[in-house]
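J.: The structure follows.
The values are calculated or read from the model by the stated rules, or taken from the named source; none is laboratory data. From a predicted model like this one, the values you see are computed outputs, not experimental measurements. Cβ placement follows ideal geometry from the backbone for every residue including glycine, while neighbour counts extend to all protein chains displayed.
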Amino acid sequence: MNIERYFLRNESEATVDIGLPDNQEVFIGRGPLTKIKDSRLSRNHLRLMGVVGGVLVHQLGHNRSAVNGTLLAKGSELLLKPGQVLHLLEGKFPFRLFQTEREGVKRDSEGKVKTSEKKSSEKMEDINGRKVESVGKASGHWSQGLLASMNDPKMKVLETENLVIIKDKYPKAEHHFLVLPREKLTSLKVLNDEHVDLLEEMDREGRNICENYPNHQFKLGYHAIPSMSQVHLHVISQDFNSACLKTKKHWNSFNTDYFIPSKSVLNEVRTEGRFVEQGSAKDLLSAPLQCHKCGERQKNMPDLKQHVITHL
Ligand code: AMP
Ligand code: ZN
């Protein structure tokens, strides 16, 4: 579940507000979200990400946008603060940034708005019993959804002094787990050589879980651009036989280089003392659909899903 701390409101036309989940990339430009048809705007003209203090606006398209009157060029980035206006093209298509109420609009990781969600301003306890701020109010350092699952005995599979393994709430295969460190680690970028032992333990415990399912093959890895902010290692069986596996993005996030093997992260942190993310990972999500077992191309997800179960 992601918290939307900000939203963009069209200043010139009544269109639906665009929610911006914390620490998650949102691409805007020409298309149904903005209702803009002007071809000078590319479909993914801007990449937005809600952070503490505002929204980072990164320009991907050719024609200039403007953040609070300052022109942006392709490849550059500026912080849009609450109350300021973003023009998707210079002097055109103004959107003002608003900050939501403290708890914000909540969406689950599948992007659905959680309207029945209890609005809680209480502090939650983390897995060590420490009081932590709810993400809606606080830093975005911690994914509230994963935190809740780490504390939920029904979701918890195993815990050690350093980590917790939970079931993925929207499993993309018959067996899908997440290995989460207890230490707050917002992304792979913050890892350093002091985390080598932790990464080794995450890898080892993840592999131990797989041994409970001898008839399944598994892969362990990290998403290049995760949607949840606490570092989590995916442990996923290779049947990909699950109702929650619906979109091309889901498929490609586990079956292209977007899925970074656990050992690669571990080796890089061990040898380099840090992990450097690849900038181009996002494009991998729109790669053509291809069976992970035989390489056969498929035209859409229903066909691919029908096909992959023939390998079971
Ligand atoms: P990603 O951030 O892309 O690496 O993936 C986040 C994963 O967390 C997805 O596989 C989701 O299905 C899963 N997920 C989202 N919300 C929860 C939750 N509350 N509890 C457990 N798993 C979750
Ligand atoms: Zn195949």
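J.: Among the residues of the stretch 190-206, is any touching a Ser or Thr at 6+ places or on another chain (Cβ under 6 Å), touching a residue at least 40 places away in the same chain (Cβ under 8 Å) and under 16 Å from Val157 (Cβ atoms)?
T.: yes
J.: Follow-up question, since we're still on this one. Kindly provide the set of residues from the stretch 56-82 that are more than 18 Å from Val26 (Cβ to Cβ), of a type in the set (A, V, I, L, M, F, W, C) and either under 26 Å from the mean Cα position of the chain (by Cα) or outside any strand (DSSP E or B) (or both), ordered by number.
T.: Ala73
J.: Please go through the stretch 265-292 and pick out each residue that is at pLDDT 90 or above and of a type in the set (Ser, Thr, Tyr).
T.: Thr271, Ser286 - these are the residues of the stretch 265-292 that are at pLDDT 90 or above and of a type in the set (Ser, Thr, Tyr).
Conditions (1) surrounded by 14 or more Cβ atoms within 10 Å (Cβ to Cβ); (2) in contact (Cβ under 8 Å) with a residue 40 or more places away in the chain; (3) away from ligand 1 (no atom under 15 Å from the Cβ); (4) among the aromatic types (Phe, Trp, Tyr), marked per residue:
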residue	(1), (2), (3), (4)
Ile225	yes, yes, no, no
Gln230	yes, yes, no, no
Thr256	yes, no, no, no
Leu284	yes, yes, no, no
His292	yes, yes, yes, no
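J.: For the stretch 1-41, enumerate the residues that are under 25 Å from Ser286 (Cβ atoms), over 23 Å from the mean Cα position of the chain (by Cα) and of a type outside the set (Val, Ile, Thr).
T.: Lys35, Lys37, Asp38, Ser39, Arg40, Leu41 - these are the residues of the stretch 1-41 that are under 25 Å from Ser286 (Cβ atoms), over 23 Å from the mean Cα position of the chain (by Cα) and of a type outside the set (Val, Ile, Thr).
J.: Could you tell me whether the stretch 274-287 includes any residue that is more than 20 Å from Ser187 (Cβ to Cβ), away from ligand 2 (no atom under 16 Å from the Cβ) and assigned to a helix (DSSP H, G or I)?
T.: Within the stretch 274-287, not a single residue is more than 20 Å from Ser187 (Cβ to Cβ), away from ligand 2 (no atom under 16 Å from the Cβ) and assigned to a helix (DSSP H, G or I).
J.: Every residue in the stretch 172-214 that is in contact with a Pro (Cβ under 8 Å, 6 or more places away or on another chain) and among the polar types (S, T, N, Q), please.
T.: Ser187
J.: Among Ala243, Ala287, which is the only one that is farther than 14 Å from Val179 by Cα and over 19 Å from the mean Cα position of the chain (by Cα)?
T.: Selected residue: Ala243, the only one of Ala243, Ala287 that is farther than 14 Å from Val179 by Cα and over 19 Å from the mean Cα position of the chain (by Cα).
J.: Looking only at residues that are of a type in the set (Ser, Thr, Tyr) and more than 23 Å from Phe27 (Cα to Cα) in the stretch 258-282, which one is surrounded by the most Cβ atoms within 10 Å (Cβ to Cβ)?
T.: Ser262
J.: Considering only the stretch 49-88, how many residues are in contact (Cβ under 8 Å) with a residue 60 or more places away in the chain and touching a Lys or Arg at 6+ places or on another chain (Cβ under 7 Å)?
T.: 2
J.: Now a separate question. For the stretch 52-84, give me each residue that is crowded, with 16+ Cβ neighbours inside 10 Å and of a type in the set (Val, Ile, Thr).
T.: Passing the criteria: Val55, Val57, Val67.
J.: Only one of these is in contact with a strand residue (DSSP E or B) (Cβ under 6 Å, 6 or more places away or on another chain) and assigned to a loop (DSSP other than H, G, I, E, B): His292, His216. Name it.
T.: Only one candidate passes the filter, namely His216.
J.: Identify the single condition in (1) within 14 Å of ligand 2 (Cβ to nearest atom); (2) surrounded by 13 or more Cβ atoms within 10 Å (Cβ to Cβ) that Ile236 does not satisfy, given that it satisfies every other one.
T.: (1)
J.: Okay, moving on. For the stretch 44-60, check the following and say yes or no: at least one residue is more than 20 Å from Gly83 (Cα to Cα) and small (Gly, Ala, Ser).
T.: No, there is no match, as no residue in the stretch 44-60 is more than 20 Å from Gly83 (Cα to Cα) and small (Gly, Ala, Ser).
J.: Of the residues Leu312, Leu304, which is crowded, with 17+ Cβ neighbours inside 10 Å and either at pLDDT 95 or above or more than 16 Å from ligand 1 (Cβ to nearest atom) (or both)?
T.: Result: Leu304 is the single residue among Leu312, Leu304 that is crowded, with 17+ Cβ neighbours inside 10 Å and either at pLDDT 95 or above or more than 16 Å from ligand 1 (Cβ to nearest atom) (or both).
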